[in-house]
Amino acid sequence: MGFLSSLFGGGNPIDTFSLDELKVTEIKLNKKVEEIHAEVRRIDAEVQRNYDLAKESTSKSEELSYARRIKTLLQKKEMKISSQSQIEKQLRAVSNILILKEREKDLPADVLKRLKKIDPEKMEHYLISQKLDAMNDDAQINAITDMTSGTMEVGVEPEDDLTDILDTIRSGKEESVKSSPESAKVKKTELE
């Protein structure tokens, strides 16, 4: 069971929570990320202090003791970073659902109907991979509409490492279409 499924009780995230509840959840997740980030900084400072003390040690056993402490601290740091990464994914999903709910009125009725039928697990994976807050209005609508495409419904997930590249390509296409009305005429002539 994914984060959203546990949070939304297996129901569709669009219907399950209000905007206010999503905003509260977003604030709580942001706070958790900040707390973990502060803990990682504290661990880094402790590691550095142990390195400094180890440099001044006079025996091999004392050196070994500091090395063990440092190793333990570094393992603890890795666990915190892993936890932070997971919470950031959850935060991204909640933030994207918030945007989705705010954009609900801008979506065509058929898209909204299909969104409500998407399996919450698939929606979670898709929303975690997106960065709707970094997109302009049209790109947000397109990304939300893409979620209801046949590709999404059969369970093919977008590749995380391609999302930024695809966003760049799409924004480049938008720029070139806006800047050159002659290019549209050329394309039309080529099609004829």
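The values are calculated or read from the model by the stated rules, or taken from the named source; none is laboratory data. Just so it is clear, the structure is predicted and the values come from calculations on it, not from any experiment. Here the Cβ positions follow ideal geometry from the backbone for every residue, glycine too, while neighbour counts run over all protein chains shown.
Odds and ends about this structure:
To keep it simple, each residue is scored yes or no on (1) over 29 Å from the mean Cα position of the chain (by Cα); (2) of a type in the set (D, E, K, R); (3) farther than 30 Å from MET123 by Cβ; (4) modelled with pLDDT of 85 or more.
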residue	(1), (2), (3), (4)
THR58	yes, no, yes, yes
SER61	yes, no, yes, yes
LEU64	yes, no, yes, yes
LYS71	yes, yes, yes, yes
GLN75	no, no, yes, yes
ILE81	no, no, no, yes
GLN84	no, no, no, yes
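- ASN50 satisfies every condition listed in (1) free of Cβ contacts under 8 Å to residues at least 24 places away in the same chain; (2) surrounded by fewer than 17 Cβ atoms within 10 Å (Cβ to Cβ) except (2).
- Among the residues listed as LEU7, LEU29, the single one being at pLDDT below 85, in a helix (DSSP H, G or I), under 30 Å from GLU102 (Cα atoms) and in the same structural domain as LYS117 (by TED's automatic domain parsing): LEU7
- Output for the range 95-110, where each listed residue is more than 15 Å from PHE17 (Cβ to Cβ) and surrounded by fewer than 17 Cβ atoms within 10 Å (Cβ to Cβ): ARG103, LYS105, ASP106, PRO108, ALA109, ASP110
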